[in-house]
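Since the structure comes first, as structure tokens, the remarks are kept for the end.
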Amino acid sequence: MSTSQLSATDLVHAYPGGPTLFEPLSFSIEPGEIVGICGPSGSGKSTLLSLIAGWEVPQGGTINRIAIDSIRWVFQNPHGVPHRTALDHVVFPLLCRGTSRGAAEEEAASILSTFALTSVAGRAFHMLSGGEAQRLMLARAVAAAPDLLLVDEPTAQLDQRTAASVNETLGGIAESGAIVVIATHDPGTRSACSRVIELDPATDTQ
């Protein structure tokens, strides 16, 4: 098991003219955990992901990333290279990890199968449906084998059956030794998490 750890201590943040978020928030997440960030719109779910990733600096408190060398973020609105195939998108991070081309294509095909994307492996990204593109971004993140995986509303564009499969796969990523943090409104995704950090203006507790 990895020795990595993600933690926050007395975290506070606010945007100009907006409410103060978290007030304050502290948590610690170990490898193997899949943690949900839940709360009403405007409570700061995506902001917390951005702070965790280091894209924004909190106004108060600290975030510590111990032995976390690789971070991947899967956005709610998927972005890919328009004319590259689904297979290309998953092969690329494997090549970056030093996998040979042949082995990368074989592993990428297996990962695509996990996300029910085998039938669109040769299809260009711009030809994918919203749900297919979302699953492809998750598949690409899996191929990168990150220490920390941040996911924003992973099942928002998926049917119930596919969402359940994605939630199971995210759990498997955590079990492999990664830290997985998910911002979600989906009760199914919430129930798949090891635990939940509740963001609410009145009760900012985990």
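Throughout, read-outs are computed from the coordinates displayed, never taken from laboratory work. Since this is a predicted model, take the numbers as computed values, not measurements. Don't worry about glycine lacking a Cβ; one is built from the backbone with ideal geometry, like all the others, and counts go over all protein chains shown.
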Using the charge dipole of the chain (Lys, Arg: +1 at Cβ; Asp, Glu: -1 at Cβ; taken about the Cα centre), state which of 15, 3, 85 has its Cα farthest towards the positive end. 85
Can you figure out the FRET efficiency of residue 175 with residue 55, using R₀ = 30 Å and their beta-carbon distance, to the nearest 0.05? 0.65
Calculate the FRET efficiency for residue 198 and residue 113 from the Cβ-Cβ distance with a Förster distance of 41 Å, rounded to the nearest 0.05. 0.70
Computed label-point distance, nm, for sites residue 3 and residue 64 using a 7 Å Cα→Cβ extension: 1.4 nm
Length gain on complete extension for the stretch residue 124 to residue 10, per 0.36 nm per residue less the alpha carbon to alpha carbon distance? 36.6 nm
Can you sort 22, 125 so the residue with the fewest Cβ neighbours within 10 Å comes first? 125, 22
Enter the Cα centre distance for the pair region 11-35 and region 130-206, rounded to the nearest angstrom. 17 Å
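Give me the net charge for the shell around residue 162: Cβ to Cβ below 13 angstrom, other residues only, Lys and Arg +1, Asp and Glu -1.
Values: positive: 135, 161; negative: 132, 159, 168, 186.
Combined, the nearby Lys, Arg, Asp and Glu give -2.
Quick one, what does Rg over Rh come out to for region 81-143 if you take C-alpha atoms and the Kirkwood Rh?
0.93
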Sequence-separation-based contact order of region 1-89, relative, with Cα cut under 8 Å and 6+ spacing, percent: 36 percent
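Can you tell me the FRET efficiency between residue 79 and residue 100 if r is taken as the Cβ-Cβ distance and R0 is 41 Å, rounded to the nearest 0.05?
Between residue 79 and residue 100 the formula returns 0.90.
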